[in-house]
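Report on one structure; see the data block that follows.
The values are calculated or read from the model by the stated rules, or taken from the named source; none is laboratory data. Worth saying up front: this structure is predicted, and the values here are computed from it rather than measured. Cβ: placed from backbone, ideal geometry, glycine included. Neighbour counts: every protein chain shown. Just the protein is used for accessible areas: all its heavy atoms, side chains included, with ligands, DNA and RNA removed. Shrake-Rupley method; radii C 1.70, N 1.55, O 1.52, S 1.80 Å.
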Protein chains: 2
Amino acid sequence: MNRAFVIDTSNSPYSKLHPVSISSVKFTDGLLAERVKVVREVTIPTQYELLEQTQRINNFRRASGKIQGDYFGFFFNDTDVYKWIEAASFSLMSERDEKLEKLLDDVIEEIKLAQDEDGYLDTYFTFDRRKDRWTNLKDMHELYCAGHLIQAGIAHHRATGKRNLLDIAIKFADHIDSVFGPGKREGTSGHPEVEMALVELYRETRNYKYLSLAKFFIDERGKGLVGGELYHIDHKPFRELDEIVGHAVRSLYLNCGATDLFIETGELSLLNALERLWHNFVERKMYITGGAGSRYEGEAFGEEYELPNETAYAETCAAIANFMWNYRMLLASCEGRFGDIMELVLYNGLLSGISLDGKEYFYVNPLADSGKNRRQKWFACACCPPNIARLIASLPGYIYSTSFDGIWVHLYTSNIARIDWDGREIELEVKTRYPWDGLIEFYINTDGEYIIFLRIPNWCKRYSLFINDQEISTNIVNGYVKVERLWKKGDILKLNLIMEPEFIVSNPKVINNIGRVAIKRGPIVYCLEQTDNPFSVCDLEVFTDSLLTSSFEPILGGVVVIKGKGSIVDTNIWKRNLYAPLKDINAKRKEVEFTAIPYFTWANREPGPMEVWIRKV
Amino acid sequence: MNRAFVIDTSNSPYSKLHPVSISSVKFTDGLLAERVKVVREVTIPTQYELLEQTQRINNFRRASGKIQGDYFGFFFNDTDVYKWIEAASFSLMSERDEKLEKLLDDVIEEIKLAQDEDGYLDTYFTFDRRKDRWTNLKDMHELYCAGHLIQAGIAHHRATGKRNLLDIAIKFADHIDSVFGPGKREGTSGHPEVEMALVELYRETRNYKYLSLAKFFIDERGKGLVGGELYHIDHKPFRELDEIVGHAVRSLYLNCGATDLFIETGELSLLNALERLWHNFVERKMYITGGAGSRYEGEAFGEEYELPNETAYAETCAAIANFMWNYRMLLASCEGRFGDIMELVLYNGLLSGISLDGKEYFYVNPLADSGKNRRQKWFACACCPPNIARLIASLPGYIYSTSFDGIWVHLYTSNIARIDWDGREIELEVKTRYPWDGLIEFYINTDGEYIIFLRIPNWCKRYSLFINDQEISTNIVNGYVKVERLWKKGDILKLNLIMEPEFIVSNPKVINNIGRVAIKRGPIVYCLEQTDNPFSVCDLEVFTDSLLTSSFEPILGGVVVIKGKGSIVDTNIWKRNLYAPLKDINAKRKEVEFTAIPYFTWANREPGPMEVWIRKV
């Protein structure tokens, strides 16, 4: 059984943990199982239709001479095809699908025909534009496209065993290696992505030149080769960075590549920079949803504590990049704080990017909205839809890792897993209603002495642990509890994470959240959506000393809904006043009950205002 | 006794009230008496020295050929001399000062020598720039300078009976009238001011042509003659305005001129526009201090509800213009809501513009500050210092008005007044500690049947009224109570305005004030200043359900200080966190007592942070 899915650190010297393949983990039921199923059944097929309709596959046919006409769309549209292939490949790891496999082969054939003899492959730089190849690395995304091709080739190979796309990718990678590198041409990519792809190609092929090339592209940053600006994260050498800046997706993809490079080389100056960036991001620039990038302008990070809600950019791709980066940091460190961010962004700012029916997408994910923002079926710049498809399709691979001494559980969802460990297959079944309930039961199906490491999420202040209904006491070390035992088939390990709704406040330096609270329950961030509430949700002021109650409701595919109390002041009082005595306002409060829903489910029903950060009385 | 000071509406058909001269009202003690005294004794003499040092008077000597050299400073620097003359003239109305009167004559002689034979007078447009006269009305402020000259000439004439400056002003006004008007040259002023000056010159001379010219300049707006932009309030005809926009001082000066024009002509389309602008200003764009103008950029009004605190512009001149405009609206209407705004801006955003020692000035008046903003001795663009000097020097004139049936009291401060009414002089003495206490005693020194109208401020929710210690019941009509009686010398009328400190909240559309409260007591807006508090004032979160206590303290010249309770959360908790459960934060609160001082007195001691809108728990 192939352990690898997106990254394969089984031979990586500085990876403390190793991934467990998608194919080893079968989601049985629950929120994530449903999301994966919808992506497989709805999203992947509809996206293929859209790739055809929007000429994205025709761009390859045009490049190979099969059809005539102009290149269509943005110059980086090839990547949407590659990301869709990656999504489909991950999906095949979960569940075989001969029709899909055949379709992939057909698409790959179109790609193959579009490749130049020298290995170059970018359907935009064909015919008249051939002469412009590699002339504008800052803006033209050729290396970014190459990165996605390489990742798709690797995923397809790992899913199917076939080399047809992988060989195309290698041929392009070899071409890139022939052009760039020490003693060859200088340069790096205006849009990072190729770095992590090249490290993975090294892992896949064990050909060291790809790792060297990844390192080269990272080393080249900060020399002004791609503009020298914050936007391209080219203002400083990577190892000197101490503030997360620039285009959010580029910045976080670059961090993925640098983390991969650290995992292979152990170069501490990389890890030190990554740690500085992580702290800066998580402690100064990340939305409560895990969203990244405050600004529409440049799709970029803002200043520290600049986290506007209604104008939050928080691109879906940036949430995905955040998840991908923290996963790499987790493998490098075994520290639960990275799993905490993975969980946070997954259940909030990432899943919000796709509709519950799997057919529509948010590009930006505001934390407050007047009701005008709605998910779209597609975008001219369609980076987010296939990106979220590939991420969700790969989710079974993110639940577990292994180390020499046992099995690590990072995320909780119902599943049956058969995990390669120490030359054996260990089978366990997880039953839980997580994230709606904190009780997680592990049914052990394989005898043996191994440690099970369980992540205790940072939102959890009280938990208990039972083996066969006997409570055991444990300590949390780096975010995990360690359960060491000679396991017998039939053992039941129960983890109970006490999950209660609570009000969250923001660092007062975040001026947009002053006087406001958010509501969270477990990993889920809640929001008020107009359709659930009989008053204008933007007028609500919550009583933070009143009780919040939770109940599972059959709306929105089945979610825990939270109710609480607040007050509404007749807005007429404010029609002709800027200022009023607080006691006059308090005298006019009308108590109301409000209903909050998980943020990621908003905008799946009738349009209306939405708010995550709610004013408090 | 001449009733007039800044404006004389004794013959104005649409003035419901008529001003009472500065010379009729003698401030005896208290806050305003002290401010007027400091302006007379300190501000006016020091400003004269600065006018000399900064070449502002030399610009006149240069224009007349007395001295050689370049024109120095901004092209509108003449106005600082004119405003100082107005301040000195108002001061002479309060208290004769032969030396000052002689100094005024000397300065006026320099001005006279600088005037062209044709009446033109602007020391910037002399020698080489003579050819540029009247070529750029949008930017070059010639009519603005003329307006201040006219106002100074009128004030000086009313104060001293002398015509030396008034004749210069008339000569320039006649020159302007020869250039502009129907059938003559088109145009209006990029910086309004001349309109109200011309109306007053009409009142002073009864020469109708000045009123016509004022009307012409107002009628010319909105035709694109001065750029057609919001900034110059030239985007629409004045009578069509419905939102207060553009440069705050220009906008409010224009409103003064238009109100003056209404008072003379009764044209309702003017009043309707003024009412729309007033409501828009007071209900959407005015700071709690009465300050006007949210933006540094263009010294301008922002959007509705755009009222940032730390970056508030709230120019001192705009506060003065606000006061001036509301006084005119009050005369036109008899409605206390205009007096409420006069009182509010006077005690807060206006008096904040000058230091307690009368020597330093704020140009901008932020509502929150890190401690970097300090008052300055002077500015290159020094519009504010002589403007606040003339306003404070004229304060005794704003306390009362008269109508055919009696005497109106708009502002409360200790004074002895001898008021011309119905051909008689009515004397009364007011004793009060207002604004520090709400008890106001009127000692009636003149027999007679007349009504005393007393403004009940909009901040006051409970008041009582006594005649010779007998409580009487009254109704408030348009903001005033009416006390009608056959008065006997020795009668004592007591008004007790219950004055308690209270928390004020802001319309939630003002996003900068969400989650914050201000503290007010009577007309006074309070602030936290670092020097009074042993914790970082920006970290304070107040308990709005705890009691606020007041006490008169001998600091800052004697002010009522307010104390209350709040909490501080150890800021270390926020060093490494963006978000935290509210209950964790609440568990770490440390209760503290805070001290708040009147906003207008801030920055008179050691520098430090200041905040008007304080976070609440």
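Data for the structure
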{"item": "Filter result (within 11 Å of chain A (Cβ to nearest Cβ) and closer than 13 Å to B:Y599 by Cα) within region B:512-551", "result": "B:A518, B:I519, B:K520, B:V525"}
{"item": "Matching residues, region A:113-146, being assigned to a helix (DSSP H, G or I), out of contact with any Pro (no Cβ under 8 Å at 6 or more places or on another chain) and surrounded by 17 or more Cβ atoms within 10 Å (Cβ to Cβ)", "result": "A:A114, A:E142, A:L143, A:C145, A:A146"}
{"item": "Pairs, first under 16 Å from B:Y82 (Cβ atoms) in region B:156-167, second part of a loop (DSSP other than H, G, I, E, B) and of a type in the set (F, W, Y), C-beta under 7 Å, six or more apart", "result": "B:R158/B:F5"}
{"item": "Residue within region A:600-612 that is within 22 Å of B:R615 (Cβ to Cβ) and open to solvent by less than 70 Å² (accessible area, probe 1.4 Å) present", "result": "yes"}
{"item": "Candidates B:T413, B:T446, B:T402, filtered to the one that is β-branched (V, I, T), within 28 Å of B:L92 (Cα to Cα), in contact with a strand residue (DSSP E or B) (Cβ under 8 Å, 6 or more places away or on another chain) and not in a loop (DSSP other than H, G, I, E, B)", "result": "B:T402"}
{"item": "Test: A:R374 is touching a residue at least 60 places away in the same chain (Cβ under 8 Å) and open to solvent by 40 Å² or more (accessible area, probe 1.4 Å)", "result": "yes"}
{"item": "Selection count where residues are open to solvent by less than 20 Å² (accessible area, probe 1.4 Å) and either at positive phi or among the acidic types (D, E) (or both), scope region B:84-109", "result": "1"}
{"item": "Verdict on B:L166 being out of contact with any Phe, Trp or Tyr (no Cβ under 7 Å at 6 or more places or on another chain) and surrounded by 19 or more Cβ atoms within 10 Å (Cβ to Cβ)", "result": "yes"}
{"item": "Region A:460-510, residues that are among the small types (G, A, S) and in a strand (DSSP E or B)", "result": "A:S464, A:S506"}
{"item": "All positions within region A:511-550 that are open to solvent by less than 40 Å² (accessible area, probe 1.4 Å) and in a loop (DSSP other than H, G, I, E, B)", "result": "A:I514, A:G515, A:G522, A:P523, A:N533, A:F535, A:L540, A:S546, A:L548"}
{"item": "Residue ranges of helices (runs of 4 or more DSSP H) in region B:1-68 with at least 3 members farther than 23 Å from B:M196 by Cβ and open to solvent by 50 Å² or more (accessible area, probe 1.4 Å)", "result": "B:44-53"}
{"item": "Strands (runs of 3 or more DSSP E) contained in region B:573-617 and holding at least 1 residues β-branched (V, I, T), within 12 Å of chain A (Cβ to nearest Cβ) and within 15 Å of A:P508 (Cβ to Cβ)", "result": "B:614-616"}
{"item": "Answer from B:I108, B:I7, B:I44, B:I57 - the residue that is of a type outside the set (G, A, S) and touching a Ser or Thr at 6+ places or on another chain (Cβ under 7 Å)", "result": "B:I44"}
{"item": "Leading residue by the ranking (most open to solvent (accessible area, probe 1.4 Å)) among those in region B:552-572 that are in contact with a helix residue (DSSP H, G or I) (Cβ under 7 Å, 6 or more places away or on another chain) and away from chain A (no Cβ under 12 Å)", "result": "B:G557"}
{"item": "Per-region count, region B:347-368, residues under 20 Å from B:Q530 (Cα atoms) and open to solvent by 10 Å² or more (accessible area, probe 1.4 Å)", "result": "3"}
{"item": "Scan of region B:254-305 for residues that are free of Cβ contacts under 8 Å to residues at least 40 places away in the same chain, open to solvent by 20 Å² or more (accessible area, probe 1.4 Å), within 14 Å of chain A (Cβ to nearest Cβ) and acidic (D, E), ordered by number", "result": "B:E275, B:E303"}
{"item": "Scope region A:511-521; condition in contact (Cβ under 8 Å) with a residue 40 or more places away in the chain, more than 24 Å from the chain's Cα centre (by Cα) and within 22 Å of A:E303 (Cβ to Cβ); matching residues", "result": "A:I511, A:N512, A:N513, A:G515, A:R516"}
{"item": "Hey, A:L497 within 12 Å of chain B (Cβ to nearest Cβ) and within 21 Å of A:W459 (Cβ to Cβ) or not", "result": "no"}
{"item": "Residue satisfying all of: in region B:332-346; among the aliphatic types (A, V, I, L, M) and surrounded by 24 or more Cβ atoms within 10 Å (Cβ to Cβ); farthest from B:L277 (Cα to Cα) among these", "result": "B:L346"}
{"item": "So B:A321, is it in contact (Cβ under 8 Å) with a residue 12 or more places away in the chain and either open to solvent by less than 10 Å² (accessible area, probe 1.4 Å) or among the basic types (K, R) (or both)", "result": "yes"}
{"item": "A:E200 vs. criteria acidic (D, E) and farther than 20 Å from A:A321 by Cβ", "result": "no"}
{"item": "Criterion violated by A:D491 - all others in (1) within 14 Å of chain B (Cβ to nearest Cβ); (2) surrounded by fewer than 19 Cβ atoms within 10 Å (Cβ to Cβ); (3) in contact (Cβ under 8 Å) with a residue 40 or more places away in the chain satisfied", "result": "(1)"}
